[in-house]
C-alpha cells in the first residue's frame, strides 16, 4: 500500500463527495478502495480482505482516512493507529470487557498492584434519578463506567446543578456504546452504570474559578510487559493553561505534537521528571502484565500513586503524534506512528477468525484470554 498516494486519493474523494452532495461513508470507501488496496497489490487475498473489512466498517474506515490521511491496512497493519483498528475489529480477548469497565477493573488492579490507591466511590448505580445529591459534599466527580470523555466535575456548590446533571447522565445512558459508534467490540460486553467518586486534586492548586484542580495524569503505554512511552497531561490550572508532553520511559522528551480530528494539539514539554517515575512504571507494568499492549493511566499526588483507568483502544486509533516541524493539513508523516507500532506484536489469528470477527462484529464470541 502506498500511503502518499492514499492521502491524495482521500483528499480528492472528499472533494468529489462534497460536489455530489453525497458525502457518505460508503461513497468514500468505494472511491478509495481500488487505489488503496488493489492497484499494485502483492496479494489478492489481502486486497480482498481489506476491501471487505473497509466496506463492513465503512464509517470507521472513512474516519481513519480523513483524520490520518491514508486508508488503513487491516491485513498487514504497521502503524500503532492501524494496530488499534485491528484490535478493535478482530481481537476477542476475554479480559478486554473487564478492562473497559471502570468499576469492574478495580479488583483486577488491586490484585496486580496492591500498593496503588483508588479514588473513593461515593455511589454507583444505573438510575440517574437515584444519585444521592443530598448526601454528597463537593468536590466530587460523576462519570459513566464504560464511556470515554463523559464527566461532570463538581468542584464546589456553585457548579452543582442537579437537574442539569441528571439530564446529562440520562444522555450518557441512552447514547450509543463505543462498540456501536467506533467498532470497539469490548464495550458491547459491558453493562452501563454511573459512578460518583472522589475528586482527586493537587494540594494547594485551584482553578481560575476557585475550585480544586485535578492532578496531572500519566498515560503509560506498555507493550508486552514493558513501558515504552508516557503521555503527561495536566489540565487547566490557576497559573497556566494545559501542559502536555510525550516522553520515553526514561523521561526523554519526544519532539512530537498530538494530531486528532480537530487538528494539531501542541505538546509543550519542559516537564520535570516525576520523583516516583520508577514506581509509576513498575505499577503500570504490573497491571499490564500478560497483554500485548495496554495503556495504564495513573496519577501522582504527593508520594501516592492513584489508579485512573486502563485503555485498550487508545483514542479509538483515530489520533496520532506528528513531528513538531510538520505543517500542513492531513498529509501526515506516519513515521513515529510506525515506530510506536513496531513495539507491538499482534496476537496470531487466522484469516478465517479475522473475517468471522470483522464481518460478524458483535455476534462473534469471546475468544482468548490474557495471561
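Read-outs: derived from the displayed coordinates by stated rules, not from any lab. These numbers come from a predicted model, not from an experiment. Counting neighbours? That spans all protein chains shown, and the Cβs are built from the backbone with ideal geometry, glycine included.
Potential lengthening of the chain between residue 161 and residue 76 amounts to 25.6 nm, from the contour at 0.36 nm per residue minus the alpha-carbon distance.
Provide 67, 271 in ascending order of the number of other Cβ atoms located within 10 Å of each residue's Cβ, fewest first.
Numbers: 67 21, 271 17.
Least to most surrounded, the residues fall as 271, 67.
Label sites at residue 260 and residue 26, each approximated as a point 7 angstrom past Cα along Cα to Cβ, lie 3.1 nm apart.
For region 120-199, what is the Kirkwood estimate of the hydrodynamic radius, computed as the reciprocal of the mean inverse distance between distinct Cα atoms, to one decimal in Å?
Details: mean 1/r = 0.0763 Å⁻¹.
Computed over region 120-199, the radius equals 13.1 Å.
Which FRET efficiency value, to the nearest 0.05, is calculated for residue 129 and residue 180 with the Förster distance at 25 angstrom and r the Cβ-Cβ distance? Walk me through the intermediate numbers first.
Numbers: r = 25 Å, r/R0 = 0.99.
Rounded to the nearest 0.05, the efficiency is 0.50.
Quick one: order 343, 124 by neighbouring beta-carbon count within 10 Å, fewest to most. Present the calculation step by step, with values, prior to reporting the outcome.
On the way: 343 17, 124 14.
Lowest count first: 124, 343.
Grab the eigenvalues of the alpha-carbon gyration tensor for region 278-357, scale each by 5, take roots, and send me the semi-axes largest first in whole angstrom. Please report the intermediate quantities before stating the final value.
Values: eigenvalues 147, 106, 26 Å².
Sorted largest first and rounded, they come to 27, 23, 11 Å.
Each Cα pair under 8 Å and six or more residues apart adds its sequence gap; the mean of these over the residue count of region 120-199 is a relative contact order of 48 percent. Using the beta-carbon distance between residue 170 and residue 346 and R0 = 51 Å, what value does 1/(1 + (r/R0)^6) give for FRET efficiency, to the nearest 0.05? The value I calculate is 0.85.
How long are the three semi-axes of the equivalent ellipsoid for region 105-144, computed from the Cα gyration tensor as the root of 5 times each eigenvalue, in whole Å, largest first? Spell out each step's value before the answer.
Working: eigenvalues 127, 32, 10 Å².
That gives 25, 13, 7 Å for the three semi-axes.
Taking neighbour Cβ counts within 10 Å as the exposure measure, how do 267, 355 sort from fewest upward? Intermediate values should be presented prior to the final figure.
Details: 267 24, 355 18.
Final ranking by Cβ density, sparse to dense: 355, 267.
Taking all Cα pairs closer than 8 Å and separated by 6 or more residues, the relative contact order of region 212-360 comes to 23 percent.
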